[in-house]
Amino acid sequence: MILEELKQYKSPKDRLARMVADKQYFPIVRGLYETNPNTPPYLLAASIYGPSYISFDYALSYYGLIPEKALAVTSATFEKKKAKRHITPFGVFMYRDVPSAAFPLAVNTHQEGDYYYRIASKEKALCDKLFTLSPVPNQRMLKVLLLEDLRIEEEALAELDTGLIEKLSTKYKSTNVRRLTSLLKRR
């Protein structure tokens, strides 16, 4: 779009390069620019690689389910076949697949100023995370994974929407997600 706006110049690419040097535009990834250098990274994630929505560790941290602050913006994609990682002046962005059937479910769209971003619900973010981890052999080990490895508080687990997780579990075909459903139903 920028090059289209600059088409009246003899060399639009050279003009764009000067605009970058003059700090009118800030490069994110090849062919993608931002006008505000202070834009929070999560607002850019879907523009860098998509379709995608914010999930995994970043969303779990956003909702306060895990105590650590996520250093990278982690996003879910589908049918991309391999994980992607982009290191930019705005931050680190990581993308990985979830099942196509699960991808569109339980994702919320938010607006912040002129930007829109999509983020998984806390239940969906946890299902996405568990989908990426090696299967645990039983519910006891899942509880260890949730409470000790991920450091999710028991009260936070109790507040999750079990019905939503049960609905989502049919789309993942993941032992961990099925075990999470069983664990939460037993409470």
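The values are calculated or read from the model by the stated rules, or taken from the named source; none is laboratory data. Note that the coordinates shown come from a computational prediction; the quantities given were computed from them, not determined experimentally. A quick note on method: Cβ atoms are made from the backbone with ideal geometry, for glycine too, and the neighbour counts reach across all protein chains shown.
Observations, loosely collected:
- Within segment 154-169, the residues that satisfy the criterion of being touching a residue at least 60 places away in the same chain (Cβ under 8 Å) and of a type outside the set (Lys, Arg) are Ala156, Leu168.
- Residue within segment 12-21 that is in a loop (DSSP other than H, G, I, E, B) and out of contact with any His (no Cβ under 7 Å at 6 or more places or on another chain) present: no
- Leu71 being surrounded by 15 or more Cβ atoms within 10 Å (Cβ to Cβ) and not small (Gly, Ala, Ser): no
- Residue in segment 1-17 that is in contact with a strand residue (DSSP E or B) (Cβ under 8 Å, 6 or more places away or on another chain), farther than 26 Å from Glu153 by Cβ and among the acidic types (Asp, Glu) present: no
Let's see how each residue does on (1) touching a residue at least 60 places away in the same chain (Cβ under 8 Å); (2) part of a loop (DSSP other than H, G, I, E, B); (3) hydroxyl-bearing (Ser, Thr, Tyr):
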site: Ile66; (1), (2), (3): yes, yes, no
site: Ala70; (1), (2), (3): no, yes, no
site: Ala76; (1), (2), (3): no, no, no
site: Ala102; (1), (2), (3): yes, yes, no
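- Condition check for Pro137: of a type outside the set (D, E, K, R), touching a helix residue (DSSP H, G or I) at 6+ places or on another chain (Cβ under 6 Å) and modelled with pLDDT of 95 or more: no
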